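The values are calculated or read from the model by the stated rules, or taken from the named source; none is laboratory data. Keep in mind that what you see is a predicted model, and the values were worked out from it rather than measured. Cβ placement follows ideal geometry from the backbone for every residue including glycine, while neighbour counts extend to all protein chains displayed. Accessible surface areas use protein heavy atoms only, side chains included; no ligands, DNA or RNA. Shrake-Rupley method; radii C 1.70, N 1.55, O 1.52, S 1.80 Å.
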Amino acid sequence: MPSPMALKKERSPAANTSPARPKLLLDWYDRHRRRLPWRAAPGETADPYRVWLSEIMLQQTTVKAVGPYFEKFVARWPDVTALGRASLDDVLRMWAGLGYYSRARNLYACAVAVARDHGGEFPDTEEGLRALPGIGPYTAAAIAAIAFDRRTMPVDGNIERVVSRLFAVEEELPQAKPLIRQLAATLLADSRAGDSAQALMDLGASICTPKKPACSLCPLNEDCAARAQATQETFPRKAPKKSGTLRRGAAFVVMRGDELLVRTRPEKGLLGGMTEVPGSDWLAGQDDKVAKEQAPELKGLSRWQRRLGVVTHVFTHFPLELVVYTARAEARTRAPEGMRWVAIATLADEALPNVMRKVIAHALDR
DNA sequence: GAGCCGTGGCC
DNA sequence: TGGCCAAGGCT
């Protein structure tokens, strides 16, 4: 008796790999491609540096959010060698607000490696790219296809959705990844691999959307297995994910005239290397009293005042609730070991993650 | 392999 | 409003 898994696989019409699809896709792309700052004009060669930079920024991040950051980066660092000569701190400051800060560290490490080990030229193979920091299987394939015309199909969340619908893949993610990768490769045209990939991404972004896909406008709607069953929105199949447990903590905002007391977080882990105001640990089930006890000790400090309300923030794997305390320090008060004073006016130049912007805004509010 | 790692926008 | 989602990688 066959296992349930085998039954599911048999039911996926993987054999339906119409050879007409790659051309349908490219024809659609030629008519409807999005114009994006990092994209080469039709027929022009893509700049590997811009492709790489955009791919790193676009990891788990929307096109809209990336736009201004991409422009800032290329204006300041026009090529990978220039970026490699920058300082990590400058890169983190420019990245502040985009999230997933280990990407910024790997971006910088990658630029240094390309400048030092590859003469300022990106490797032109998936394998070579894959060896660089911050470049995983998806990004390596994307750069290889888009910048170097290698015949490979990168598979991101967008393409997973399109493909799982097109073939009505019943297997759940992430187990279905190998099957989806295999099916996605059948959509590759004989040439213009990069355009095949970007066509699928554009299709996923504008037509084959997570909610209410516009199937009537889709160039592949004729033989989409999910549409034939009217089950488009149920793909891709995936197990529901559990939300994290609420953590609580306290943040301490100390003013010395027009200056604010800050410190730098440890290199690794959550918000690694970013700037923060001093605070307690962030723990599940911690009460305000315990958190308050972790306030920094300074001489000449006025009484702590608790701000009304809390600052809430939701990270990928847990929600956070911070109570905010404020105090004033006398002029010339020394910053404790590992901390420093920064002028409020120059706060915008700090590598401040958004949760800290919220805390400071809450503390300074009126 | 599964958990960790930000943020903003959407309905 | 809260859960989901976005051109994933690292450990």
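I want to confirm something. Restricting to the range A:35-76 and keeping residues that are away from DNA strand B (no atom under 16 Å from the Cβ) and among the charged types (D, E, K, R), which single residue is modelled with the lowest pLDDT? My answer is A:44.
Residue A:99 meets each of the listed conditions (1) under 16 Å from the mean Cα position of the chain (by Cα); (2) surrounded by fewer than 19 Cβ atoms within 10 Å (Cβ to Cβ); (3) part of a helix (DSSP H, G or I); (4) not charged (D, E, K, R) apart from (3).
Are any of the residues in the range A:161-176 over 21 Å from residue A:239 (Cα atoms) and open to solvent by 10 Å² or more (accessible area, probe 1.4 Å)? Break it down into steps so the answer makes sense when it comes.
First, the residues of the range A:161-176 that are over 21 Å from residue A:239 (Cα atoms): none.
Scanning the range A:161-176 turns up no residue that is over 21 Å from residue A:239 (Cα atoms) and open to solvent by 10 Å² or more (accessible area, probe 1.4 Å).
Quick one: how many residues across the range A:268-304 are of a type outside the set (Val, Ile, Thr) and outside any loop (DSSP other than H, G, I, E, B)?
Of the residues in the range A:268-304, the ones of a type outside the set (Val, Ile, Thr) are A:268-274, A:276, A:278-289, A:291-304.
If we keep only those that are outside any loop (DSSP other than H, G, I, E, B) too, we end up with A:276, A:279, A:283, A:288-289, A:291-292, A:301.
Residues meeting the conditions: 8.
Considering only residues in the range A:207-241 that are open to solvent by less than 60 Å² (accessible area, probe 1.4 Å) and among the small types (Gly, Ala, Ser), the one that is nearest to residue A:39 (Cα to Cα) turns out to be A:214. Considering the range A:177-191, the residues that are more than 16 Å from DNA strand B (Cβ to nearest atom) and hydrophobic (A, V, I, L, M, F, W, C) include one that is most open to solvent (accessible area, probe 1.4 Å), namely A:185.
Considering only residues in the range A:192-220 that are free of Cβ contacts under 8 Å to residues at least 24 places away in the same chain and of a type in the set (Ser, Thr, Tyr), the one that is nearest to DNA strand B (Cβ to nearest atom) turns out to be A:209. Residue A:311 meets each of the listed conditions (1) within 16 Å of DNA strand C (Cβ to nearest atom); (2) surrounded by fewer than 18 Cβ atoms within 10 Å (Cβ to Cβ) apart from (2).
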